[in-house]
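Before any comments, here is the structure.
The values are calculated or read from the model by the stated rules, or taken from the named source; none is laboratory data. These numbers were taken from a predicted model, which means no experiment stands behind them. Virtual Cβ from ideal backbone geometry, glycine too; neighbours counted across all protein chains shown. Surface accessibility is based on the protein's heavy atoms, side chains included, excluding ligands, DNA and RNA. Shrake-Rupley method; radii C 1.70, N 1.55, O 1.52, S 1.80 Å.
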Amino acid sequence: MQSKDDINSRLASMVASLTAQEGFTASALDYVHFMRSDHAYSRTPVMYEPCICIIVQGRKRAYLGDATYTYDARQYLVVSAPMPFEADTEATAEQPMLGIHLGIQHALAAELALAVQEAQTDAALRPADTPAGTPAFMYATQVDDTLAEAVLRLLHALASPLEAKILAPAIVREIYFRILMGEQGAAMRAALSQGSHFQKITRALRKIHEGYSDKLDVDSLARESGMSLPAFHLHFKQVTSTTPIQYIKAMRLHKARLLMIRSGMNAYTASNTVGYESSSQFSREFKRLFGRSPLEEVRQMRNVLRMHEGVGLSSLS
């Protein structure tokens, strides 16, 4: 088995070779991107889609409520529901931040979580140190050797068009399994369990995510989740560290930001597209969240990001 330092060095070398410039670089799999940052970025609001974020060089920190999650060559980040939070980046031109952004395919993750749960009812299949899981939709945890080696094999496969098509999806499945069986994998399995409060909140988050431009009513979201309004507020805040109204607002503002940066929309059109009826209210709330006006923010982000055609910016930070 390779040493951890050797694996880390090879991971960093592979990602560096696959990221020609700063920003997000697409891979042969549309849900896997490579990340590179040649500069440090201070704490700023971001919106992550469900993902596994594995940093192989440099460091990032996520801030959600009172919690701080550090992810670097030693720890990876898991976000299993669309989540607005704040993040910063440690990087230099000499030692850029390099990483892999692996979008979570929910159906596959849920299928594997159920398979693991069913298998563990058999004492012969259950590892002796299997922990109980407290549901969590965001956590950072240790990169173990088996996961690092699987990620290295994924990078090698993605470097070859044939292997990317034939082998890479199977390696992604293995990576999901390693994470579900990892130090905090029980937290992810519990969050994916059918019938749990976290699963009900997940459905509400997906509805908001898919219908952010619609008129969203918190009472209706609670009813559709099968919860009383007080219970819905309580469990929603446990998952997201914010209220449903604040979450909806953050989702709309992040979507508008992406529309302006990626599609060249002006603030008025973007605000209408994401469901704002008042452009002045949109501008006030945008500046409150991002610290700059929509025009200033778009100029700033276009200066610091070089975006590749077709690359998603769901984790723009």
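A compact table of results
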{"read-out": "With all protein chains modelled, accessible area of H39 [1.4 Å, Å²]", "value": "100"}
{"read-out": "Distribution of pairwise C-alpha distances over segment 148-201, 10 Å bins, in %", "value": "25, 35, 25, 15, 1"}
{"read-out": "Ratio Rg/Rh, restricted to the chain and using Cα atoms, in which Rh is the Kirkwood radius", "value": "0.97"}
{"read-out": "Probe 1.4 Å, all protein chains present, accessible-area order of M181, M301, largest first", "value": "M181, M301"}
{"read-out": "Prolate/oblate/rounded label for segment 15-104 (Cα gyration tensor, a/c 1.5)", "value": "oblate"}
{"read-out": "Surface accessible to a 1.4 Å probe, S228 within the full protein complex, Å²", "value": "70"}
{"read-out": "Carbon + sulfur, % of accessible area of segment 155-203 - ligands and nucleic acids excluded, 1.4 Å", "value": "60"}
{"read-out": "Table column - 3J(HN,Hα) (Hz), segment 198-211, Karplus curve with 6.51, -1.76, 1.60, x for Gly and Pro", "value": "5, 5, 5, 5, 4, 4, 5, 5, 5, 4, 5, 4, 7, x"}
{"read-out": "Farthest toward positive dipole pole in the chain [+1 Lys/Arg, -1 Asp/Glu at C-beta], among V172, F286, L155", "value": "F286"}
{"read-out": "Between segment 257-286 and segment 82-115, the alpha-carbon center distance in angstrom", "value": "26"}
{"read-out": "Solvent-accessible area per residue for the chain (1.4 angstrom probe, square angstrom)", "value": "46"}
{"read-out": "Reachable lysines, given that their alpha-carbon falls under 29 Å from the alpha-carbon of K165 and they are not under 8 places away in the same chain", "value": "K4"}
{"read-out": "Average projected area [Cα convex hull, segment 175-273], square nanometres", "value": "7.8"}
{"read-out": "Among L289, L205, L180: highest mean-square fluctuation, GNM of the chain, C-alpha pairs under 10 Å", "value": "L289"}
{"read-out": "Dipole axis of the chain (+1 Lys, Arg; -1 Asp, Glu on Cβ), positive-most option in T242, L216, A73", "value": "L216"}
{"read-out": "Exceeding the 18 Å Cα-Cα cut-off - candidates K215/K255; K207/K255; K200/K249; K200/K237", "value": "K200/K249"}
